[in-house]
Amino acid sequence: MNRLQELRGKTVAVTGAGGYIGAMLTDALQACGARVLRVSRRALPARSGVEDLQADPGQAHAWRQMVERADTIFHLAGNTSVYAAADNPSDSLASTVLPLNHLVAACRASGRAPRVVYASTATVYGLTEQLPVAENALAAPVTVYDLHKRYAEQQLELASRQGILQGVSLRLANVYGPSSSTSSAEDRGILNKITLMALQGNDLRFYGDGNYTRDYIYIDDVVQAFLLAGIAEGKNISGRVFNVAGGSGCSVRQAFQLVADKVNALKGGAVKVNAAPWPEGADPIEFRNFVADIGALRVAAGWTPRVNLDQGIDLLIARFSRTTATQ
């Protein structure tokens with residue numbers, strides 16, 4: 001039996017449903033037979049079989065409606081930029097932390113305790129020194145963005161211990177891959193950007209020596225992690241944080257070269273990979289090395305990534321090649 005059939009007939013809310021991951025999660029939930037409530041601040045294109053709630057998750061009334069109706073809430077809305085958070089910490093606080101306050105208040109008022117799966121980030125660990133990084137490693141944020149993300153996680157952890165809701169935070173590593181989002185997936189994630197650049201015949205450029213380690217995870221595997229976290233047995237998962245990553249490291253230089261080599265082989269091109277000095281004002285988090293230990297979510301929810309980096313780049317190139325050919 002397909003475990004995801006447990007979602008059939010359930011009412012599921014997705015905040016940030018028009019975004020990069022949210023759109024793909026909505027597709028998958030519909031395929032599972034869930035009743036999907038798409039929550040977005042902007043009007044989304046009409047779609048058969050879903051219900052839309054145009055509302056700002058930064059406002060309390062949006063959460064009251066979600067909590068009253070949804071069995072499971074996937075919370076993906078909020079700021080996604082380290083630099084935007086640094087420039088305007090108040091906006092970051094409003095988009096990242098305050099929605100969780102409203103969520104907890106709505107659950108208290110309604111007496112309902114939905115499963116809430118939150119999109120956090122692996123950069124909350126900060127500048128890690130020992131790899132791979134497991135969830136019991138110290139979270140030591142070095143940016144305002146990560147500080148707010150960690151506080152949001154802690155809000156869910158506390159509310160879960162108090163029995164107010166069933167919170168799960170997924171610490172996402174470097175997500176890449178095509179999306180059905182109405183906003184282009186081409187501008188989300190460095191691998192997406194450079195793949196499109198290479199397909200257009202442009203040389204690629206990394207900063208510094210390019211030897212910073214990243215852990216890349218294909219978007220379909222991320223969506224699967226959300227789905228499985230949404231149905232996992234509560235005693236195994238409620239109140240916890242989990243890494244969602246590929247579980248292996250690759251330097252930025254190597255990843256760029258892999259993209260260039262594959263595009264050149266496909267198109268007979270001569271895309272080069274060059275080094276450039278770091279731009280002034282680069283955030284320290286850019287210099288991190290990160291590889292995740294991904295065993296905890298496998299044990300708790302049965303999740304494991306299925307697409308490695310080599311396969312994922314092939315899939316990304318194929319999708320973007322089709323897209324650019326029709327433009």
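The values are calculated or read from the model by the stated rules, or taken from the named source; none is laboratory data. Please read all numbers here as calculations on a predicted model, not as lab measurements. Virtual Cβ from ideal backbone geometry, glycine too; neighbours counted across all protein chains shown. All accessible areas refer to the heavy atoms of the entire protein, side chains included, with ligands and DNA or RNA removed. Shrake-Rupley method; radii C 1.70, N 1.55, O 1.52, S 1.80 Å.
Extending 7 Å from the Cα toward the beta-carbon at both Asp71 and Asp310 defines two label points whose distance is 4.1 nm.
Taking the 1.4 Å solvent-accessible surface of the stretch 172-282 as the whole, the part contributed by carbon and sulfur is 46%.
A simple spin-label model places the labels of Asp87 and Leu131 3.1 nm from each other, with each point 7 Å out along Cα-to-Cβ.
Which percent, to the nearest 5, of DSSP beta bridges fully inside the stretch 33-163 are antiparallel? Write out the running numbers ahead of the final one.
Values: 0 of 9 bridges.
Antiparallel bridges make up about 0 percent of those DSSP assigns within the stretch 33-163.
If only the Cβ of Lys and Arg carry +1 and only the Cβ of Asp and Glu carry -1, the dipole of the chain around its Cα centre is close to 840 debye. With a simple spin-label model that places each label point 7 Å from the Cα along the Cα-to-Cβ direction, the separation between Ala109 and Asn211 comes to 5.6 nm. Between Ala276 and Gln154, the FRET efficiency from the beta-carbon distance, with R0 = 30 Å, is close to 0.20.
Scan the chain and hand back the longest stretch that contains none of the GluC sites (Glu not before Pro) lying in DSSP loops with at most 16 other Cβ atoms within 10 Å. Spell out each step's value before the answer.
On the way: sites that count: Glu129, Glu233, Glu280.
Between exposed loop sites, the widest span is 1-128.
Shape summary of the stretch 137-211, radius of gyration then Dmax from alpha carbon positions: 17.9, 55 Å.
Counted residue by residue at 0.36 nm each, then reduced by the alpha carbon distance between them, the extension gain from Ser321 to Ala140 reaches 61.2 nm.
Solvent-accessible surface (1.4 Å probe) assigned to Tyr83 amounts to roughly 90 Å². Loop-resident trypsin sites (Lys or Arg not before Pro) (DSSP state other than H, G, I, E or B) in the stretch 33-88 with no more than 12 further Cβ atoms inside 10 Å of their Cβ: Arg42. Largest GNM mean-square fluctuation across Ala265, Ala85, Ala139, computed for the chain with C-alpha springs under 10 Å, falls on Ala265. Whole Å is fine, so just give me how far the alpha carbon centre of the stretch 49-89 lies from that of the stretch 105-128. Each part reduced to its Cα centre gives a spacing of 12 Å. Solvent-accessible surface of the chain, taken per residue with a 1.4 Å probe and all protein chains present: 44 Å². Dividing the mean sequence gap of close Cα pairs (under 8 Å, 6+ apart) by how many residues the chain holds gives a relative contact order of 18 percent. Largest GNM mean-square fluctuation across Gly201, Gly312, Gly18, computed for the chain with C-alpha springs under 10 Å, falls on Gly201. Taking the DSSP beta bridges with both ends in the chain, the antiparallel portion is around 5 percent.
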